[in-house]
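Peer 1: Structure below; questions to follow.
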Amino acid sequence: MKGGLVTSPNELGEAFLDASGRGVITDLFLDKVERMKTEREGDFAVLLAHLTAHELGHLLLGGEPHSMSGLMQAKMSEQSLTKMMQGNFGFSRAEQKKMRARVMGAELSALLARNQAEK
Ligand SMILES: [Zn+2]
């Protein structure tokens, strides 16, 4: 997959990728998240934080970043949602490394552009 729309677990959010596959915009559907909250026990703020992190993962990982387990799962099972609401999910080491590289690359690009503008 290159550019286009990627929907997130249980269609609680979506991310738009540019033609090169880099994430540019993401949406999180608060009404759906709130509905999910009322259906189960747990900390709503923790759930919201995890889903927001998932969407940021789309922006920073690009392409098709869904995985079989962890925070970037494409579809959350009841067990996964429970773990998420307990704050037990995170990015894998590989995902962390890729996101760090994307952020560092953006910082370097901004620095180079600033230096170019000052010339
Ligand atoms: Zn997703």
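Peer 1: At a Förster distance of 25 Å, what's the computed FRET efficiency of Asn115 paired with Ala53, Cβ-Cβ distance as r, to 0.05?
Peer 2: Taking R0 as 25 Å, the efficiency between Asn115 and Ala53 is 0.20.
Peer 1: List the residue ranges in the chain for DSSP H helices whose C-alpha atoms run 20 angstrom or more along the long axis and whose Kyte-Doolittle average is 0.5 or above. Before the final figure, lay out the partial values.
Peer 2: Details: long enough: 44-61 (25 Å, 1.38); 93-118 (37 Å, -0.68).
Qualifying helices: 44-61.
Peer 1: If I take all pairs of Cα atoms in the chain, what percentage of them are more than 19 Å from each other?
Peer 2: Values: 3477 of 7021 pairs.
Roughly 50 percent, once rounded to a whole number.
Peer 1: Check which residues have an amide H placed less than 5 Å from Gly13's amide H, if you skip close sequence neighbours.
Peer 2: Those qualifying (amide H under 5 Å, at least 5 residues apart or on another chain) are Ser8, Phe29.
Peer 1: Taking the alpha-carbon distance from Lys75 and a cut-off under 19 Å, which lysines remain once sequence neighbours fewer than 8 residues away in the same chain are dropped?
Peer 2: By straight Cα distance, Lys75 reaches Lys32, Lys37, Lys83.
Peer 1: How large is ³J(HN,Hα), in whole Hz, for each residue of the stretch 66-76 in order, when computed from phi with the Karplus curve 6.51 cos²θ - 1.76 cosθ + 1.60 and θ = phi - 60°, using x for Gly and Pro?
Peer 2: Coupling constants for the stretch 66-76: 5, 10, 7, 8, x, 5, 9, 4, 6, 9, 8 Hz.
All of the numbers you see were taken from the coordinates with simple rules; none came from a lab. This is a predicted model, so every value here is computed, not measured. Heads up, the Cβs are rebuilt from the backbone with ideal geometry, glycines too, and the neighbour counts pull from every protein chain shown.
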